[in-house]
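Colleague: Below is one structure. I have some questions about it.
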Amino acid sequence: MSDIASAADLIKELPEGAILLADKGYDANALRNAVTERKAWANIPPKANRKDAICFSPFLYKARNLVERFFNKAKQFRRIATRYDKLAENYLAALKLVAIRIWLRGNESTS
């Protein structure tokens, strides 16, 4: 199943006034309408075959790179990449520990 099929479920907790950053695979009118109903804004680049013009900010889209780099770093940890944990709570706890470790690495002193 494609990721966009579960996107509506993922944005249920999207707060009012938030900005959803997603790639071209999520460019669908149904998803954009669902985000607008939540009083949020979808910053998704348009697909090449889109007929109607949409509002898109390339500047805001660059922030998505930080999220992508975090997930790439998190997947370097075998427990996260292979998802050994059976319970979602345990997996989330392991992901939080990995996030702390990545943050500490980025902020450690080199002197």
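Any read-out appearing in this document is the output of simple, stated calculations on the displayed coordinates, not a laboratory observation. Since this is a predicted model, take the numbers as computed values, not measurements. Ideal geometry is used to build each Cβ from the backbone, glycine not excepted, and the neighbour counts take in all protein chains shown.
Colleague: When the C-alpha atoms of the chain are aligned to their principal axes, what extent does each axis show, in angstrom, from largest down?
Modeller: If we take the Cα atoms of the chain, the spans are 50, 39, 28 Å.
Colleague: Using DSSP to define loop residues, name the trypsin sites (Lys or Arg not before Pro) in the stretch 15-91 whose beta-carbon has at most 15 other beta-carbon atoms within 10 Å. Don't skip to the answer; put the middle values down first.
Modeller: Values: sites: K24, R32, R38, K39, K47, R50, K51, K62, R64, R69, K73, K75, R78, R79, R83, K86; in loops: R38, K39, K47, R50, K51, K62, K75, R83, K86.
Qualifying residues, ordered by number: K39, K47, R50, K51, K62, K75, R83, K86.
Colleague: Take the Cβ-Cβ distance between E108 and K86 as r, set R0 to 41 Å, and report the resulting FRET efficiency rounded to the nearest 0.05.
Modeller: Step by step, r from the Cβ atoms, then E = 0.80.
Colleague: Mean residue ellipticity at 222 nm from the helices of the chain, using -39,500 (n - 2.57) per DSSP H segment of n ≥ 4 over the full residue count, to the nearest 500 deg cm²/dmol?
Modeller: -13500 deg cm²/dmol
Colleague: Right, next: When the chain is treated as a GNM, springs tying every alpha-carbon pair under 10 Å, which of E89, E16, E68 comes out with the largest mean-square fluctuation?
Modeller: Top of the fluctuation ranking is E89.
Colleague: Hey, another quick one. Kindly provide the chymotrypsin sites (Phe, Trp or Tyr not before Pro) of the stretch 42-107 that DSSP labels as loop, not H, G, I, E or B, and whose Cβ sees at most 16 other Cβ atoms within 10 Å.
Modeller: Qualifying residues, ordered by number: F56, F77, Y84.
Colleague: Comparing A88, A18, A40, which has the greatest mean-square fluctuation in the GNM of the chain with Cα pairs linked when under 10 Å apart?
Modeller: Ranking A88, A18, A40 by mean-square fluctuation puts A88 first.
Colleague: Using the structure shown, select from K47/K86; K24/K75; K24/K96 the pairs with a Cα to Cα distance greater than 31 angstrom. Working shown, then result.
Modeller: Details: K47/K86 37 Å; K24/K75 23 Å; K24/K96 28 Å.
Result: K47/K86 exceed 31 Å.
Colleague: Assigning unit charges at the beta carbon (Lys, Arg +1; Asp, Glu -1) and nothing else, what dipole magnitude in debye, to the nearest 20, does the chain show about its Cα centre?
Modeller: Charge dipole of the chain: 400 debye, to the nearest 20.
Colleague: Considering the chain as a Gaussian network with a 10 Å cut-off on Cα pairs, which listed residue, N29, N72, N49, attains the greatest mean-square fluctuation?
Modeller: In this elastic network of the chain, the residue with the biggest mean-square fluctuation among N29, N72, N49 is N49.
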